[in-house]
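Here is the structure we will look at.
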Amino acid sequence: MKLARATTAARLRRLSALPVMVLLAILAIGLGIASPHALSAQNLINILNQQASLILVTVGQTIVVLTAGLDLSVGSVVSLTTAIASHDIPFAVPLAVLAALAVGLVNATGILKFGIHPILMTLSTMTAVQGLALLIRPIPGGTVPDWMRSYAGAELFGLPLPVILTALAVLIAGMAISHSRFGLHLMATGASPQSALLGGVNTGRIILVAYLLSSLFACLGGLNLAARLASGDPLVGAPFGIDSIAATALGGTQLSGGLGGVAGPAAGVLFLALLGNGLNLLNISTYYQMIIKGALLILAVSAHRRNQPGL
Amino acid sequence: MMLKKILLTGTMLAGFAIGPAFADAPELNPALSPVAGAPMVDLPASTKQSFVLGFSNISVVNTWRVQMVEELKNEAALHPEISQLIISDAGGDVNRQVADIESLIARGVDAILVSPGSEVALNGALEKAHAAGIPTIIFSSNATPEHYTVKLLADDAQFGRDGAKFLAEALGGKGNVIALRGISGNSIDNDRFRGVTEVFADYPDIRIIDQGFGDWAYDKGKQVCESLLIAHPDVQGIWSSGGAMTQACAEVLEENGLPMIPMTGEANNGFLRTWKEKGLQSVAPVSPTWFGQQGVIAALRVLEGAPIARDNLVNPPPILGDQIDGFYRADLGDAYWVGSPLPDEKLKELYGK
């Protein structure tokens, strides 16, 4: 019985990514027919390279969402990271990582110790960290270390290095969620914290680790972005909070927690990106693009089966 | 006689054949002038008969930008040699703008027009365009790649100087002034204000006694103006970084029964209406929307081998009190930016009442 439930859960988890994968395929085929440029290798590589940062941020967001939480502060962490990394000071990058982890720690402390709802807690840190980023770099500019520039331009097997490393990160996070004790506890915490606690899961520690990981992935996204833009920008991360949540939901990860994975959300990022790119190639006005995006998001999320038991 | 005619026709034909192919290239707006010492663009004319232009825009976040894009599209439609115009809008996201430019390069467009969202972030992508042999036209805000084809920029400090000179004269070189700034930290606002301080450096008896940031918006400008005027009801002049804030401030003066002191505005229809209706003492520095239109013309001049300088600045003269009627359009809404090259029907569609 127990085994049967576990396999059902595993199947559901795999299925959760299915609708977005199907949508992605349909979109790709449709665009391929409509515009010969959409599926050119160069265009696809461009999209992957552009979206690497958001994919990294979304991986972190997904981990938090699996615990039934939400992290609105990731966008500000991205901005803060680019603001710090673009300053010509020693240890700028380690400093950016430490700052991000501090944000994760504050988020988890507020949620766990003071019982603040994740939306309010991370909304507060989002605002405060945005202010900090503006304080550190009031206007876009600065420069990043040479090694970061070289990283952004480097290629391996004809693919940009940032794309390869991002794919690797998704793979590792995916494996950790579906095949490790941590992943199991993550799902259990999100599906039903009381049962998880009774089952011997240290839910507090799981939630702490989830928010630390979310901030860390946001920091990695920020470093990738700073390298790509060869500069810092105190507002560049602003759309990442909402975008990462949209991609997570689109990818079949339930916002109520306990069900999903990272492959779907990563595909969700690519779906939204390919949609924007394709509509641009088809010369569809920005205003229509926004309407189409909003409508498709509702459509895609309603295509998922919801309110199902996670474990 | 007949022979003469044939000879003449022959000469004309020969002249046409060997004469410059750019004879038909459109001319830039005379308000654009080359920066002193700027080199001429040194690219061979394209061998193609028709061109695909790509335009990477950072956003259409306000009416200025909407009008700029409409003017660009309108100009492109006037030239049959432009077979296609591809517009990508990055929705304010510089990361996406990098990908948009890369995507235009991948499509092999004949020229890339860019209204950049960052001075530094697009440089890598713009260098790639150069490496791919695609001319790049940077306009309206700056980007700083090592290689580019043409830049069309405004001197934002001139906007500040125009207003400050007017105030200095209107006040007879003496008096206390408050400043309504735009968005804190924004480079355009910083440059405009730098122009003001440059001019006032020559007038030791004019002092900026206080300033506030109204974000270029009517509502925020009104709050900021109210608090500044409560603190300093006896100021003699107001410098403003934008027309909507001046409109708001004029209303604050009126509501509080204060005298209409000299104040600087901006060349948009809403401000000109207030200026006319309230009989303000003012001046309207111009921040032209027609960069996009000029970008298309610059691209065509480059592609057709017509002479054009690499770096160009636009400094249209400010609108003065006796010139309002030449610019103000009572039939259009407040959001209209005056001096648009758009046809009337398009303007009415965008701004009609």
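Cβ separations smaller than 7 Å between residues 6+ apart or across chains give the following pairs from segment A:210-231 residues that are in contact (Cβ under 8 Å) with a residue 24 or more places away in the chain and at positive phi to residues that are basic (Lys, Arg) and open to solvent by 20 Å² or more (accessible area, probe 1.4 Å): A:Ala230/A:Arg149.
In segment A:166-179, is there at least one residue being buried (at least 17 other Cβ atoms within 10 Å of the Cβ) and within 13 Å of another protein chain (Cβ to nearest Cβ)? No, segment A:166-179 contains no residue that is buried (at least 17 other Cβ atoms within 10 Å of the Cβ) and within 13 Å of another protein chain (Cβ to nearest Cβ). Of all residue pairs spaced 6 or more apart or on separate chains, those with beta-carbon atoms under 6 Å, a first member in segment B:314-343 that is among the aliphatic types (A, V, I, L, M) and a second member that is open to solvent by 60 Å² or more (accessible area, probe 1.4 Å) are B:Ile319/B:Phe327; B:Ile324/B:Lys276; B:Val338/B:Phe327. Only one entry of B:Asp210, B:Asp215 meets the criterion of being farther than 30 Å from B:Glu27 by Cβ, assigned to a loop (DSSP other than H, G, I, E, B) and either of a type outside the set (Ser, Thr, Tyr) or assigned by TED's automatic domain parsing to the domain that holds B:Asp311 (or both), and that entry is B:Asp215.
Within segment A:237-247, the set of residues being farther than 15 Å from A:Ala128 by Cβ and modelled with pLDDT of 90 or more comprises A:Phe240, A:Ile242, A:Asp243, A:Ser244, A:Ile245, A:Ala246, A:Ala247. Applying the condition of being hydrophobic (A, V, I, L, M, F, W, C) and open to solvent by 50 Å² or more (accessible area, probe 1.4 Å) to segment A:192-207 and asking which residue is farthest from the other protein chains (Cβ to nearest Cβ) yields A:Leu198. For segment A:208-219, the count of residues that are crowded, with 24+ Cβ neighbours inside 10 Å and assigned to a loop (DSSP other than H, G, I, E, B) is zero. From the list B:Val252, B:Val302, B:Val296, the lone residue that is assigned to a helix (DSSP H, G or I) and touching a His at 6+ places or on another chain (Cβ under 9 Å) is B:Val296.
B:Thr149 meets all of the listed conditions (1) in contact with an Asp or Glu (Cβ under 7 Å, 6 or more places away or on another chain); (2) open to solvent by less than 40 Å² (accessible area, probe 1.4 Å); (3) assigned by TED's automatic domain parsing to the domain that holds B:Ile297 but one, namely (1). Where strands (runs of 3 or more DSSP E) fall entirely within segment B:66-163, those with at least 3 residues that are within 13 Å of chain A (Cβ to nearest Cβ) and either without any contact (Cβ under 8 Å) to a residue 60 or more places away in the chain or out of contact with any helix residue (DSSP H, G or I) (no Cβ under 8 Å at 6 or more places or on another chain) (or both) are at B:82-89. On the stretch given as segment A:134-147, residues that are closer than 22 Å to A:Gln51 by Cα and within 12 Å of another protein chain (Cβ to nearest Cβ) total 4. Applying the criterion of being away from chain B (no Cβ under 14 Å) and among the β-branched types (Val, Ile, Thr) to the residues of segment A:14-57, the residue that is nearest to A:Leu281 (Cα to Cα) is A:Ile33. For segment A:250-276, the set of residues classified as in a helix (DSSP H, G or I) and open to solvent by 20 Å² or more (accessible area, probe 1.4 Å) consists of A:Ala263, A:Leu270, A:Leu272, listed by residue number.
Taken over segment A:249-281, the criterion of being in contact (Cβ under 8 Å) with a residue 24 or more places away in the chain and within 10 Å of chain B (Cβ to nearest Cβ) is satisfied by A:Ala273, A:Asn277, A:Leu281.
Taking the condition of being β-branched (Val, Ile, Thr) and within 18 Å of B:Arg107 (Cα to Cα), how many residues in segment A:22-39 meet it? Of the residues in segment A:22-39, 1 are β-branched (Val, Ile, Thr) and within 18 Å of B:Arg107 (Cα to Cα). Of the listed requirements (1) open to solvent by less than 40 Å² (accessible area, probe 1.4 Å); (2) part of a helix (DSSP H, G or I); (3) not assigned by TED's automatic domain parsing to the domain that holds B:Asn57, B:Gly173 misses just one: (2). Can you tell me which residues in segment B:204-243 are aliphatic (A, V, I, L, M) and in contact with a Gly (Cβ under 9 Å, 6 or more places away or on another chain)? Hits for segment B:204-243 are B:Ile206, B:Ala217, B:Val224, B:Leu228, B:Val235. Applying the set (1) open to solvent by less than 90 Å² (accessible area, probe 1.4 Å); (2) modelled with pLDDT of 90 or more; (3) aliphatic (A, V, I, L, M) to B:Met40 leaves exactly one unmet item: (1). Counting only residues that are under 9 Å from the mean Cα position of the chain (by Cα), facing another protein chain (nearest Cβ under 10 Å) and open to solvent by less than 20 Å² (accessible area, probe 1.4 Å), segment A:224-248 holds 1 of them.
The values are calculated or read from the model by the stated rules, or taken from the named source; none is laboratory data. Not measured: the values here are computed from a predicted model. Virtual Cβ from ideal backbone geometry, glycine too; neighbours counted across all protein chains shown. In case anyone asks, the SASA skips ligands and DNA or RNA and just uses the protein heavy atoms, side chains included. Shrake-Rupley method; radii C 1.70, N 1.55, O 1.52, S 1.80 Å.
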